[in-house]
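What follows is a short report on a single structure.
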Amino acid sequence: PGEPNVQVQLMPGAGGVRLVEHLYQIAPKDGSYIGAFATGPIIEPLISTRDVKYKISDFTAIGALEKDVSFCTTWHASPIKTIEDVKKTETTVAGTGAASSTDIFPLALNATLGTKFKLISGYVGTQETIMAIERGETDGRCGWGWSSLRSSKPDWIRDKKLNFLVQLGLEKHPDAMHIPLALDLIPDQAGKQLMRVLVAPQNITRPYLAPPGVPADRAREVRSAFMGALKDPALVAEFQKVMSEPPSPTSGEDMQKLLVEIYSTPPEVVARLKAILKPAPK
């Protein structure tokens, strides 16, 4: 309480896994050390083939800035216009790495919907996938968050440069109600359960986590401060300036419940997920 000093420390490595492990093993458990993440590390311990000693649901959820939805898209000139087209025709999509949504979602859709996405992985980041689409190296990209798309290529939305095939989230984005939701299209309950594990973290996009074991009273203080900050007009204005839309936060309490739900996924669903996402032999 009061006017605390805030120090920002960048900790790149393994898509956020290095930061998770720092929180778990080293960081003080008094609420003074908080990690800011992308969504990838949220389910990484659940689907990882490495020996992981922790679950993200064991950590102290502080809150998340956004509820997001991802899309599978193709370039406007592509003959692939709908998700039904992808069931009939091989469709190449650019990916940025094995733990990223760009790689996970097309593989999961192939397994649950019978699509024919062909993943071209190894692009360094969003800008490289954009150039790949423009150059015709790939038909499009799958696993593109709406907030990321609006901030990186708003002109593509304005000028209708993309075909939106399907959206991936727990529910449809208010600005895209006409685009089908993957969860509505998957015919069997087992497939829906599998996809739900993958899309649930998007309800806690840009999450903030503290280490496991933060005392309950301190966790309440920090969670309250997080939600209070997101009511500050100056912060909301700055966020909207960068992201082209206001924050849609999730409280630490609700975030914690969602993490528990994700990590309560039945073992047979987790095993199927690992099999789907297992790297193909070279």
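The values are calculated or read from the model by the stated rules, or taken from the named source; none is laboratory data. The model shown is predicted, which means the values in this text are computed figures rather than measured ones. For neighbour counting, all protein chains shown are included, and Cβ atoms are generated from backbone atoms with ideal geometry for every residue, glycine included. Each accessible area value is taken on the protein alone, full model and side chains, heavy atoms only, with ligands, DNA and RNA left out. Shrake-Rupley method; radii C 1.70, N 1.55, O 1.52, S 1.80 Å.
Each row is one residue, and each column tells you yes or no for (1) within 30 Å of I179 (Cβ to Cβ); (2) of a type in the set (A, V, I, L, M).
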| position | (1), (2) |
| --- | --- |
| G2 | no, no |
| L23 | no, yes |
| G40 | yes, no |
| E44 | yes, no |
| E66 | yes, no |
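Between T89, T112, the distinction of being surrounded by 20 or more Cβ atoms within 10 Å (Cβ to Cβ) and over 28 Å from L65 (Cβ atoms) belongs to T112 only. Only residues that are open to solvent by 40 Å² or more (accessible area, probe 1.4 Å), of a type in the set (G, A, S) and under 18 Å from the mean Cα position of the chain (by Cα) were counted across the stretch 151-190, and they come to 1. When the residues of the stretch 251-282 are filtered to those that are in contact with a Leu (Cβ under 8 Å, 6 or more places away or on another chain), surrounded by 18 or more Cβ atoms within 10 Å (Cβ to Cβ) and aliphatic (A, V, I, L, M), the one that is modelled with the highest pLDDT is I262. Any idea which residue in the stretch 55-76 is nearest to S148 (Cα to Cα), counting only those that are of a type in the set (G, A, S) and modelled with pLDDT of 95 or more? Here the answer is A64.
Is it true that some residue in the stretch 68-91 is closer than 29 Å to I262 by Cα, in a loop (DSSP other than H, G, I, E, B) and touching a strand residue (DSSP E or B) at 6+ places or on another chain (Cβ under 9 Å)? Yes, there is a match, as at least one residue in the stretch 68-91 is closer than 29 Å to I262 by Cα, in a loop (DSSP other than H, G, I, E, B) and touching a strand residue (DSSP E or B) at 6+ places or on another chain (Cβ under 9 Å). Annotation: of all residues in the stretch 236-250 being in a helix (DSSP H, G or I) and without any contact (Cβ under 8 Å) to a residue 12 or more places away in the chain, the one that is surrounded by the fewest Cβ atoms within 10 Å (Cβ to Cβ) is K241. Just one of the listed residues (S244, S251) is over 16 Å from G63 (Cα atoms) and small (G, A, S), namely S244.
For the stretch 95-117, a residue qualifies if it is of a type outside the set (S, T, N, Q), closer than 15 Å to L165 by Cα and in contact with a Ser or Thr (Cβ under 9 Å, 6 or more places away or on another chain), and the qualifying residues are F105, P106, L109, K116, F117. Here no helices (runs of 4 or more DSSP H) wholly within the stretch 144-199 include at least 1 residues being free of Cβ contacts under 8 Å to residues at least 24 places away in the same chain and at positive phi.
When A94, A38, A99 are checked against the criterion of being modelled with pLDDT of 90 or more, within 30 Å of D155 (Cβ to Cβ) and not hydroxyl-bearing (S, T, Y), A94 stands alone in meeting it. Criterion applied to L10, L46, L107 was being modelled with pLDDT under 95 and in a loop (DSSP other than H, G, I, E, B), and the one residue passing it is L10. Kindly evaluate M227 against the criterion of being under 14 Å from F59 (Cβ atoms), touching a Pro at 6+ places or on another chain (Cβ under 8 Å), assigned to a helix (DSSP H, G or I) and touching a residue at least 24 places away in the same chain (Cβ under 8 Å). No; evaluated as a whole, the condition is false for this residue.
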